[in-house]
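Here is the structure we will look at, set down as structure tokens.
The values are calculated or read from the model by the stated rules, or taken from the named source; none is laboratory data. Computed from a predicted structure; not experimentally measured. Don't worry about glycine lacking a Cβ; one is built from the backbone with ideal geometry, like all the others, and counts go over all protein chains shown.
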Amino acid sequence: MRGKSILVAVLLMVCLPSVVWSQEGPIKIGVVDSNRIIQESTIGKNFLSSLEAQRRQKQEEIAARENKLREDQQNYQKQMFSLSEEARSRTEKDLTQRQLELQRLREDADRDLRSFYTDGIMDIERKVLPVIEQVAREKGLILVLENAPQRGMLFVDPSIDITDDVIAKFNQAQTGTQPKN
């Protein structure tokens with residue numbers, strides 16, 4: 001996949017100079033940084049705060065269970081020799097079962113957080129796309145690319161970055177207020 005991105009970037013660099021001029025004049029291209037949109041827009045900040053709160057809550061729940069299990073294991077170690085064979089067996093099975101449950105809880109929490117993150121990002125992308133299109137039309141752009149090195153964008157002139165405009169319009173669209181000029 002990375003090889004294809006690099007190939008596309010090389011082809012654009014080689015071919016684009018010859019097609020940058022149309023009959024109406026220069027072709028206008030813009031870029032946006034979706035990471036900045038998520039980190040700097042109001043809805044993105046709210047999402048990241050919700051994600052962090054959920055992560056913290058799950059982490060606290062897991063830590064409480066870990067502490068209780070550790071405490072019970074220590075108590076078992078102290079009492080182990082005074083327990084009957086049957087009581088030791090029952091306690092060991094219980095502790096083993098609780099360790100498995102704790103591992104499942106960790107896995108479930110991780111899966112839930114990944115799902116929450118993915119759903120939230122997709123929701124933000126769905127909401128911001130019309131705003132990106134609106135800004136692109138207002139600026140007369142025919143192409144808007146994602147400014148991300150991992151996607152093949154190795155260099156972008158800051159003058160074609162429309163991220164600030166998109167964030168301002170996106171915040172405006174979410175709150176219904178006029179942007180400050």
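Points to keep in mind about this one:
- Only one entry in Phe81, Phe47, Phe116 is among the aromatic types (Phe, Trp, Tyr) and exposed (fewer than 12 other Cβ atoms within 10 Å of the Cβ), namely Phe81.
- Residues that are more than 28 Å from Glu61 (Cβ to Cβ) and of a type in the set (S, T, N, Q) within region 76-113 comprise Ser82, Ser84, Ser89, listed in sequence order.
- Thr118 being over 24 Å from Leu48 (Cβ atoms), among the hydroxyl-bearing types (Ser, Thr, Tyr) and at pLDDT 90 or above: no
- Unique match (being at pLDDT 95 or above, of a type in the set (S, T, N, Q) and loosely packed, with under 12 Cβ neighbours inside 10 Å) among Gln99, Gln103, Gln150: Gln103
- For beta carbons closer than 7 Å, sequence separation of 6+ or different chains, a first residue in region 117-137 that is within 18 Å of Asp161 (Cβ to Cβ) and a second that is surrounded by 13 or more Cβ atoms within 10 Å (Cβ to Cβ) and among the basic types (Lys, Arg), the qualifying pairs are Val131/Lys169; Gln134/Lys169; Val135/Lys169.
- Restricting region 153-181 to residues that are of a type in the set (Gly, Ala, Ser) and loosely packed, with under 13 Cβ neighbours inside 10 Å, the residue that is modelled with the highest pLDDT: Ser159
- Of all residues in region 66-88, those that are charged (D, E, K, R) have Cβ atoms under 7 Å from Cβ atoms of residues that are modelled with pLDDT under 95, 6 or more apart or on another chain, in Arg88/Met80.
- Selection status of Val144, at pLDDT below 95, over 21 Å from Asn46 (Cβ atoms) and assigned to a loop (DSSP other than H, G, I, E, B): no
- Taking first residues from region 98-110 that are at negative phi and partners that are acidic (Asp, Glu) and surrounded by 10 or more Cβ atoms within 10 Å (Cβ to Cβ), the Cβ contacts under 8 Å between residues at least 6 apart in sequence or on separate chains come to Arg98/Asp72; Leu102/Glu66; Leu105/Glu61; Ala109/Glu61.
- Residue among Glu85, Glu71 that is modelled with pLDDT of 95 or more and more than 14 Å from Arg106 (Cα to Cα): Glu71
- Restricting attention to region 125-147, the residues that are over 12 Å from Gly30 (Cβ atoms), surrounded by fewer than 18 Cβ atoms within 10 Å (Cβ to Cβ) and of a type in the set (A, V, I, L, M, F, W, C) add up to 1.
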